[in-house]
Amino acid sequence: MRWRTAPEGAAGAQIGFLLLRIALAVVIFPHGAQKVFGWFGGAGFDATLDFFGTSFGVPAPVTMAVMAAELLGPPLLLLGLLTRLAALGIAAVMVGAIAMVHLPNGFFMDWQNTGAGEGYEYHLLALGIALALVAGGSGRFGLDERRRRRRAQRRS
């Protein structure tokens, strides 16, 4: 089975894929930058490795995969390059975050800071966007589609 994007004639779908890629990239990148560089009030690489290991029992290679998905996935999404792989990595991170941290806190975010922690609504939304991109690809406005077209031209 060959993966393809939505039909070229579906202009709204093509713009939709672009908007989904941009939104997910903009929302996820700061989380990766927090974990890797300590930007945006984050802990940085070593502290993140330690925290994931001691708090959740996550092995260092898995923690590094999480950091890679959140830091490298967004630029790939913006370019529409390796879109399905980048979105799948982000989707896996969201499933892990829901299952390991946020599910016990309920659905809603804790806007009043009164509960034990944040719910999983944000993660579910990011997961939905990521899965839409896994299913649909980059769309016409991504480098994946340009690469596919060039390969098709070379074959014919």
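The values are calculated or read from the model by the stated rules, or taken from the named source; none is laboratory data. Predicted model, so just to flag it, every value in this text is computed and none were measured. Neighbour counts run over all protein chains shown; Cβ positions are idealised from the backbone, glycine included. We work out accessible area using only protein heavy atoms, side chains counted, and drop any ligands, DNA or RNA first. Shrake-Rupley method; radii C 1.70, N 1.55, O 1.52, S 1.80 Å.
Of note:
- Residue list for the range 7-45, filter: of a type in the set (D, E, K, R) and open to solvent by 70 Å² or more (accessible area, probe 1.4 Å): Glu8
- Of all the listed residues (Ala60, Ala99, Ala69, Ala43), the sole one being within 22 Å of Ile22 (Cα to Cα) and modelled with pLDDT of 95 or more is Ala69.
- Test for Thr48: is it out of contact with any Gly (no Cβ under 7 Å at 6 or more places or on another chain), surrounded by fewer than 19 Cβ atoms within 10 Å (Cβ to Cβ) and among the polar types (S, T, N, Q): no
Here's the yes/no breakdown for (1) surrounded by 20 or more Cβ atoms within 10 Å (Cβ to Cβ); (2) small (Gly, Ala, Ser):
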residue	(1), (2)
Thr54	no, no
Thr63	no, no
Met67	yes, no
Leu71	no, no
Ser138	yes, yes
Phe141	no, no
Arg148	no, no
Arg155	no, no
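- All positions within the range 100-114 that are open to solvent by less than 80 Å² (accessible area, probe 1.4 Å), of a type outside the set (Val, Ile, Thr), part of a helix (DSSP H, G or I) and farther than 16 Å from Gly128 by Cβ: Asn105
- Residue in the range 132-151 that is modelled with pLDDT under 95, part of a helix (DSSP H, G or I) and more than 29 Å from Ile15 (Cβ to Cβ) present: no
- Qualifying residue in the range 74-89 (condition: assigned to a helix (DSSP H, G or I), loosely packed, with under 13 Cβ neighbours inside 10 Å and not basic (Lys, Arg)): no
- Condition met for Ala130 (over 17 Å from Leu79 (Cα atoms) and not charged (D, E, K, R)): no
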